[in-house]
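Here's the structure, in C-alpha cells; my notes come after.
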C-alpha cells in the first residue's frame with residue numbers, strides 16, 4: 001500500500017513541475033539558437049553573392065549561392081571580376097605563419113608559467 005502512495009505523490013509532483021521543465025527546455029533552446037546565429041550568419045555569408053553581402057538592410061535568407069570566395073581562396077579559376085581580386089590568396093603562407101606564432105606563444109607561456117608557478 002505504501003508504494004502506491006509514493007507513486008501517486010511522485011506523479012503529482014511531476015505534474016506540478018512539468019511546466020517548469022517545459023519552460024527551462026524552451027529557454028535553453030532559445031539560448032542555443034541565440035548563440036548559433038552568428039555561426040550561421042558566417043556560413044551563409046561565405047556562400048552569398050556579392051550584392052547580397054553588401055546589401056543594406058542585410059538579406060537574411062540568400063536568394064542566390066556562389067562559391068566564388070572559396071574558389072579565390074584555393075586559387076581556382078573564377079568568373080571575370082569575382083570580388084575584384086586579381087591574384088590568388090597565399091592561404092598556405094597565412095596558415096604556416098599562424099601555426100608558428102601559436103607554437104611560439106604557447107611555448108613561452110608554458111616556460112614562463114612553469115617558472116612563475118615554481119617561484120610561488
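The values are calculated or read from the model by the stated rules, or taken from the named source; none is laboratory data. Note that the structure is a prediction, hence the values are computed from the model and not measured. Ideal geometry is used to build each Cβ from the backbone, glycine not excepted, and the neighbour counts take in all protein chains shown.
Restricting to the stretch 58-75, and then to whatever is assigned to a loop (DSSP other than H, G, I, E, B) and out of contact with any strand residue (DSSP E or B) (no Cβ under 8 Å at 6 or more places or on another chain), can you tell me which residue is modelled with the lowest pLDDT?
Step one: filter the stretch 58-75 for residues assigned to a loop (DSSP other than H, G, I, E, B), giving 58-64, 66-67, 74-75.
From what is left, the residues that are out of contact with any strand residue (DSSP E or B) (no Cβ under 8 Å at 6 or more places or on another chain) are 58, 60-61, 63, 67, 74-75.
On the way: 58: 79, 60: 79, 61: 80, 63: 83, 67: 80, 74: 73, 75: 70.
The residue in question is 75.
Report whether or not residue 78 is surrounded by 10 or more Cβ atoms within 10 Å (Cβ to Cβ), out of contact with any helix residue (DSSP H, G or I) (no Cβ under 8 Å at 6 or more places or on another chain) and either modelled with pLDDT of 80 or more or not in a helix (DSSP H, G or I) (or both).
Details: surrounded by 10 or more Cβ atoms within 10 Å (Cβ to Cβ): yes; out of contact with any helix residue (DSSP H, G or I) (no Cβ under 8 Å at 6 or more places or on another chain): no; either modelled with pLDDT of 80 or more or not in a helix (DSSP H, G or I) (or both): yes.
The answer is no for residue 78.
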